[in-house]
Amino acid sequence: MSDFQGASAAQAPTAASRTSGLYSLVAVVGAPNCGKSTLFNRLTGLRQKVANYPGVTVEKRLGRVRVEGGREITLVDLPGIYSLTARSEDERVAKGVLLGEMAGLARPDAILLVVDSTNLNRNLSLAAPILALGIPTLLVLNMSDDLRGRGGLVDGERLSEQLGVPVVQASAAKGEGLEAIRGFLSGGPAARQRLELPVLQDIGSRRRWAARATGQSGYQAPAAAAWTRRLDSVLLHPLAGPLIFLLVMVAVFQSIFTLAQPLMDGTETLIAASGLWIGALLPDSWFRDLLLQGVWAGVGSVLVFLPQILFLFVLIGLMEDSGYLARAAVIADRTMARVGLEGKAFIPLLSAYACAIPAIMSTRTIESRRERLATILIAPFMTCSARLPVYALVIAAFLPEKPLLGPLLGTRAAAMIGLYLLGFLAAVATARLLKSTLLKRKSPLPFTLELPPYRWPTLQSIGLRLADRSLIFLKRAGTVILLVTVVLWFLASVPRTDGEPPEISQSLAGRIGHAVEPVIEPLGFNWKIGIGLITSLAAREVIVGTLGTIYGIEGAEEGGDEGSPGLRQALTQDLTPGGAVALLIFFAFALQCMSTVAVVRRETGGWRLAVLQFGYMLTLAYTGAWLGKTLAEIWI
Amino acid sequence: MPARTLSDLRRGEEGVLNRLEVADEVAQRLMELGFLPGVRVSAGRSAPGGDPMIFRVDGSEVALRRATARGLILSDSGPAGVEEGHV
């Protein structure tokens with residue numbers, strides 16, 4: 001339970017606040033693609049907290065909004081739903097929250113019902129079961145700028161009379177109508193006289209009810225989104241479509257190297273300069289050694305990769321927000337179907353290129369449980385951003401940069417693409433294996449995907465993603481990675497003899513490394529890499545920090561100088577090219593990420609699949625690394 | 001002659017959905033996406049390779065695999081007599 005949750009529970013509305021219209025918990029409800037989350041982000045900004053509902057895979061997003069009088073209320077963003085029939089997990093959670101049946105969350109005392117006003121007839125079908133709950137509701141006609149822009153029309157006042165709830169025309173993307181929404185959240189306007197709503201069980205009658213209500217409100221559906229048609233005629237073209245799809249993927253990967261590079265160089269300079277500055281300030285002591293060799297060398301070598309990781313998140317975010325990701329899912333569906341997955345699995349799998357954890361969480365959009373499990377089990381094979389620092393380091397150390405396709409593709413980017421492919425192929429092979437063993441039975445729910453119109457991604461949404469991801473990464477660098485590097489520094493500095501730190505190979509860390517050396521020796525790894533493999537069990541990128549720390553200490557031993565030898569250069573002395581290949585393959589396959597293991601355990605409801613997945617990936621990593629090294633040695 | 005289904009629609013062609021011959025659970029989901037009996041459906045682009053197909057239905061575009069579309073049976077008569085937006 002987060003503090004935030006506790007806080008919202010503590011603010012559980014009293015009977016008095018309910019009648020006086022002072023809300024404390026307000027639910028944001030709407031269909032998928034209605035712009036609900038954009039509105040949620042607009043209202044709450046960075047004051048968000050994301051967790052999971054207990055026992056299910058559905059993300060619980062809470063955010064705080066300051067309303068009139070300086071009061072703070074909590075907003076809960078419910079998953080996108082089409083109805084309240086409670087068939088899918090999303091619907092069960094939404095229904096549970098709205099009925100006040102979710103542990104740790106009070107029953108919302110008001111609802112923001114967000115509908116896409118460019119498709120009001122269908123979106124309003126959801127209003128029937130929501131309004132029937134009897135909770136004060138504000139109907140937010142979102143994307144009303146889009147509606148007007150395409151020649152559509154709706155009379156909000158008349159719709160409000162029809163439904164008996166206040167209505168506001170808004171555009172979350174442009175920030176229109178936010179004042180009225182804040183006004184509602186502040187406790188006004190008072191709900192109208194509640195109308196008797198018919199109990200509508202089946203979808204057809206709900207849809208007819210919605211059509212009647214919009215018909216009475218002078219609703220004119222907008223003209224088809226001309227731009228969407230035009231773009232789709234290119235992006236879904238039988239030939240151009242897949243070609244653009246491939247180009248987009250290559251561009252994403254190439255740009256995280258070329259465009260992110262200056263930023264990474266800048267970060268590196270900054271870290272090195274600040275290290276020297278601090279080194280000059282502090283007197284010579286063990287504390288100074290810890291700070292420079294442990295913290296700066298360890299955490300610093302991981303922080304360098306922040307720009308690259310953020311770049312990837314921004315690019316995936318742009319594709320998602322613009323609507324291209326849905327097209328990509330449609331293009332990918334046929335290929336995915338061959339390995340027994342569906343197009344929707346493409347989106348979590350693509351996000352897994354950034355990080356397996358949000359990817360595994362996002363598999364909830366897949367309705368069939370079997371498809372979902374399969375996607376969860378293969379997602380960690382996708383090359384997550386935590387592998388990037390490792391790949392980037394090893395590739396840069398062993399592979400000189402040469403142009404392959406003019407300025408478009410260099411050797412390093414090509415090697416990187418190769419590693420991405422390797423992970424992808426392992427995922428595909430594993431999916432096939434799963435489909436013929438563990439997850440044999442066919443799923444009942446077929447692939448369906450609504451294609452949203454193309455939209456301009458908003459700066460705010462992208463900015464929020466960036467801030468969100470930076471915080472997560474920095475938090476990790478500041479906690480897990482810091483802890484591991486500090487512990488490692490101590491292990492590498494004891495036992496002291498005559499008050500002097502030991503040579504690293506004689507230290508405790510060195511002894512542990514030597515102890516595992518026989519196991520990893522066939523892969524071409526020595527005891528230093530061994531220490532890295534152990535520490536990277538916490539998180540993959542930790543190996544970079546670990547090597548940074550080891551070489552930092554070693555550098556101090558050898559030269560007595562603060563400036564450690566370049567990590568890359570040091571690595572070439574410890575690994576043969578064959579060993580480098582093995583290390584890359586090992587990292588491509590092994591599940592060295594305790595957070596992922598924890599998430600898989602939670603999402604699959606037990607240890608069984610999580611442990612199975614870890615063991616499977618480790619076996620594959622060891623075998624693959626050995627094969628890679630052997631082949632590389634024959635070939636090179 | 002076997003009944004025509006959504007999968008028989010050519011690009012740009014329109015038909016009226018008569019019934020859904022799929023499992024109840026699937027029918028529910030499809031109806032929520034707008035595939036209600038009596039509604040007009042037109043075929044849009046298909047993904048490269050012709051599968052999945054993209055349909056325009058009830059104001060939005062939905063991608064379905066051909067295998068799913070085969071379970072959505074069209075009315076024999078043309079779209080005449082069915083008003084836009086009326087379900």
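Over the protein assembly as shown, accessible surface divided per residue gives 42 Å², non-protein components excluded, 1.4 Å probe. Descending by average beta-carbon neighbour count within 10 Å, the peptides A:315-324, B:31-40 line up as B:31-40, A:315-324, the highest first. Working ranking of peptides B:59-67, A:139-147 by packing, defined as the average number of other Cβ atoms within 10 Å per residue, highest first, is A:139-147, B:59-67. Based on alpha carbons, the Rg and Dmax found for the range A:73-185 are 14.2, 45 Å. Cα gyration tensor of the range A:246-368, axes a ≥ b ≥ c as square roots of the eigenvalues: rounded (a/c below 1.5), prolate (a/b > b/c) or oblate? Because a/c hits 1.5 or more and a/b exceeds b/c, the range A:246-368 counts as prolate.
Could you tally the net charge around A:L350, taking each other residue with its Cβ under 12 Å from the Cβ of A:L350, Lys/Arg +1 and Asp/Glu -1? Net of charged neighbours comes to 0. Calculate the translational D of the protein assembly as shown in whole µm² s⁻¹ from Stokes-Einstein, where the hydrodynamic radius comes from the Kirkwood formula applied to all Cα pairs, the temperature is 25 °C and the viscosity 0.890 mPa s. Result for D is 88 µm²/s.
In chain B, helical runs assigned H by DSSP with n ≥ 4 each contribute -39500 (n - 2.57); averaged across all residues and rounded to the nearest 500, the mean residue ellipticity at 222 nm is -3500 deg cm²/dmol.
Straight-line reach from A:K435: taking Cα to Cα under 26 Å and skipping same-chain neighbours fewer than 8 places apart, the lysines in range are A:K344.
Each of A:R601, B:R45 has its accessible area taken with a 1.4 Å probe; listed largest first, they run A:R601, B:R45. Counting only residues at least eight positions apart within a chain, or on another chain, the lysines with an alpha carbon under 20 Å from that of A:K95 are A:K36, A:K60. Mean partner shielding of peptide A:341-349, defined as the number of other chain Cβ atoms within 10 Å of each residue Cβ, is 1.
Percent of accessible area on chain A owned by carbon and sulfur, 1.4 Å probe?
64
Computed over neighbours whose Cβ is under 11 Å from that of A:V234, the net charge equals +3, Lys and Arg +1, Asp and Glu -1. For the range B:61-75, accessible area lost to neighbouring protein chains reaches 40 Å² or more, against the chain alone with a 1.4 Å probe, at B:E61, B:A63, B:R65. For chain A, the longest principal axis of the C-alpha atoms and the axis of helix A:306-322 are separated by about 30°.
Legend: mean number of C-beta atoms from other chains within 10 angstrom of residue C-beta atoms, peptide B:21-34, equals 5. For the range A:226-249, a reduction of at least 50 Å² in accessible area between the chain on its own and the assembled protein chains (probe 1.4 Å) is found at A:R229, A:L236.
The range A:228-248 and the range B:1-74 have Cα centres spaced 22 Å apart. Cα centroids of the range A:345-424 and the range A:594-636: 15 Å apart. Solvent-accessible surface of protein heavy atoms, probed at 1.4 angstrom with all chains present, puts A:E68, B:E25 in the order A:E68, B:E25, largest first.
Which Cα, out of A:I504, A:L46, A:G177, lies furthest along the positive dipole direction of chain A (beta carbon charges, K/R +1, D/E -1)? The residue sitting most towards the positive pole is A:G177.
Electrostatic tally near A:G578: other residues with Cβ closer than 12 Å to its Cβ, Lys and Arg +1, Asp and Glu -1, net 0.
Take the accessible area of chain A alone and of chain B alone, subtract that of the pair, and you get about 3100 Å² summed over both chains, using a 1.4 Å probe. Here the range A:89-145 and the range A:446-505 have alpha carbon centers that stand 36 Å from each other. Largest accessible area first, the listed residues A:Y353, A:Y616 line up as A:Y616, A:Y353 when surface is computed with a 1.4 Å probe on the assembled protein chains.
Each residue of the range B:6-73 gets 69 Å³ once the volume of the Cα convex hull is shared out per residue.
Surface composition of the range B:6-73: carbon plus sulfur atoms hold 40% of the accessible area, using a 1.4 angstrom probe and ignoring ligands, DNA and RNA.
The values are calculated or read from the model by the stated rules, or taken from the named source; none is laboratory data. Please read all numbers here as calculations on a predicted model, not as lab measurements. A quick note on method: Cβ atoms are made from the backbone with ideal geometry, for glycine too, and the neighbour counts reach across all protein chains shown. Surface areas here come from the heavy atoms of the whole protein model, side chains and all, with no ligands, DNA or RNA. Shrake-Rupley method; radii C 1.70, N 1.55, O 1.52, S 1.80 Å.
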